[in-house]
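Heads up: the structure comes next, in structure tokens.
The values are calculated or read from the model by the stated rules, or taken from the named source; none is laboratory data. Values in this document were obtained by computation on a predicted structure and should not be read as measured data. Neighbour counts run over all protein chains shown; Cβ positions are idealised from the backbone, glycine included. Just so you know, the surface numbers come from the protein's heavy atoms only, side chains and all, with ligands and any DNA or RNA stripped out. Shrake-Rupley method; radii C 1.70, N 1.55, O 1.52, S 1.80 Å.
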Amino acid sequence: MALNERHKWMAANAASSFGVQDRIIEDYIGEYNNLKKINDFLEGRSKHRHLFIYFQRPDIPNEMGELVDAKGDPKVMITTGEHEDMRIKSRAVFFVRANDGAAEHGEKKPIRLDVPSDGELLFGEMAASPLESLNTGLLSVFQPLIGVPASIDVESAVSNCDSDQAVHFRAEFQRFTTDLSEGVRSLTDGVELPSPEASDVDVRTLPPQDVARDHPKLVEEYEKLLETWCQQIEQYLEETLEGQQKESGDPGPRTELDFWRNRLQKITSITEQLRSKERKMVFGLLQAITRVSQDVAPKSRQTVFNTLRRWKQIDIAITEAFNEAKDNVKYLTTLEKFIEPLYVSTPAAIVDTLPALMNAVKMIHTIARYYNTTERMTNLFAK
């Protein structure tokens, strides 16, 4: 089907991002189903304001049900991002309708197809890690434009807001970017549990007795891997909370909530790793080994049994640490609206908020399961 100027502009931007010739993207866009999807988006018939274009190999499930790259050349895929089987592997481009937010009664104005580019359609590029891309964009592009530093004139930076609104907006923006940065950092700087190495032995199809008798090295490898996980998690959980909290640079009360949020994110990262199929396979094999006959592999069986017994204690500790962090975040979040004036308001306004702040702290001390200790409350008041 024939392409209009707008289609060619979209294809040229996508081709430039993917490092291929315009003709390759144009050929894919010109296919009936793809062009119809794009035209529905441009003409306002789609319920979405955005459209993604990928250029990569499709995903197919392997024997274990995990998604892997299909064989063959990369293909253009056009999606709204709703399908889990279309994950970003290297990069993607996106197009956003710019003025739909101002449309009355949900009506969407069709975008002109006879012009290549105008302010009606925005274009951008996204890496394989969308959260990192968003974090970088907010810190490097939007933060300077919004004028978070107090030295920038309010009227020129936020022309439609009065002084109090501008200060509040900047504070909320700063808090959001800080939370996002901490979240991204927790994903990359958390506890990384090593994965089991690839093996020619398919433990899912073999009886445990055969694995223990014919593949003792594999059992030993899995046992050592679980031992490593125990050491890593135990080391993290045994770090004193006081020592971790000293890492916070800002001594204010906001750092208390930031700390527990960060701790909750790291523990959640650990639990998510342990739920992966490859790590569940390690637990499944080792637990099966403990049920084989003593005569098959007496040494392996006893060693595995001891390691699993240690793991059971650590698993209980992980659950307790997760519940503590989750409960503390739940209650400390109720203090946010009372803590915010301590950072941005005048002394008179701060005095007015102190009774409500103290009532909220009293409520936490009364009903919180973990945060009602003298140590926790003293640390909060000190901050």
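A few points about this structure:
- The stretch 252-362: translational diffusion in µm²/s, Stokes-Einstein, Kirkwood Rh over Cα pairs, 4 °C, 1.567 mPa s: 73 µm²/s
- Sites T290 and V191, calculated FRET efficiency, Cβ-Cβ separation with R0 35 Å, nearest 0.05: 0.85
- Label sites at A349 and L131, each approximated as a point 7 angstrom past Cα along Cα to Cβ, lie 3.2 nm apart.
- The alpha carbon gyration tensor of the stretch 2-48 gives principal lengths a ≥ b ≥ c with a/c of 1.5 or higher and a/b greater than b/c, which makes the shape prolate.
- Cut-off 16 Å (backbone N to label point 7 Å along Cα→Cβ of V96), residues of the stretch 17-61: 48-53
- The label point for L180 and the one for K109, both projected 7 Å from the Cα toward the Cβ, are 2.7 nm apart.
- Note on E336 and E278: the extension gain reaches 16.9 nm, defined as 0.36 nm multiplied by sequence separation minus the Cα-Cα distance.
- V68 versus A198: modelled label distance in nm, points set 7 Å from Cα along the beta carbon direction: 0.7 nm
- Ranked order, T307, T319 - accessible area, probe 1.4 Å, largest first: T319, T307
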